[in-house]
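The values are calculated or read from the model by the stated rules, or taken from the named source; none is laboratory data. Quantities reported herein were computed from a predicted structural model and do not represent experimental measurements. No Cβ is skipped: glycine too gets one built from the backbone with ideal geometry, and neighbour counts run over all protein chains shown.
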């Protein structure tokens, strides 16, 4: 197994994995945060099996974009719930 994850990519993967796992353990995010095991493992072992299949740039950034979209969806839902609550209070 030849290493195909560079130094910056490796650091970002490990950091993202640790953050996601920590947020899951603290209950800040749901169980989907355990997906952080994937970037953590690929960063530690310096090998991503999807890189040869899909192209090096696509896989890491696609995973990052997916995680950001999930987080954005959760944030927007929480903001909408808060604003709806506030609007009801102000209208009363």
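Taking residues in the range 18-40 that are touching a residue at least 40 places away in the same chain (Cβ under 8 Å), and partners anywhere that are surrounded by 16 or more Cβ atoms within 10 Å (Cβ to Cβ), the pairs with Cβ atoms closer than 7 Å and at least 6 places apart or on different chains are 20/33; 20/35; 20/36. Suppose the filter is without any contact (Cβ under 8 Å) to a residue 60 or more places away in the chain, assigned to a loop (DSSP other than H, G, I, E, B) and surrounded by 16 or more Cβ atoms within 10 Å (Cβ to Cβ); does residue 14 pass it? For residue 14, the condition - without any contact (Cβ under 8 Å) to a residue 60 or more places away in the chain, assigned to a loop (DSSP other than H, G, I, E, B) and surrounded by 16 or more Cβ atoms within 10 Å (Cβ to Cβ) - is not met. Here residue 28 clears all of (1) at pLDDT below 75; (2) not in a helix (DSSP H, G or I) except the condition numbered (1).
Scanning the range 31-52 for residues that are under 18 Å from residue 7 (Cα atoms), modelled with pLDDT under 90 and either exposed (fewer than 14 other Cβ atoms within 10 Å of the Cβ) or under 14 Å from the mean Cα position of the chain (by Cα) (or both) yields 49, 52.
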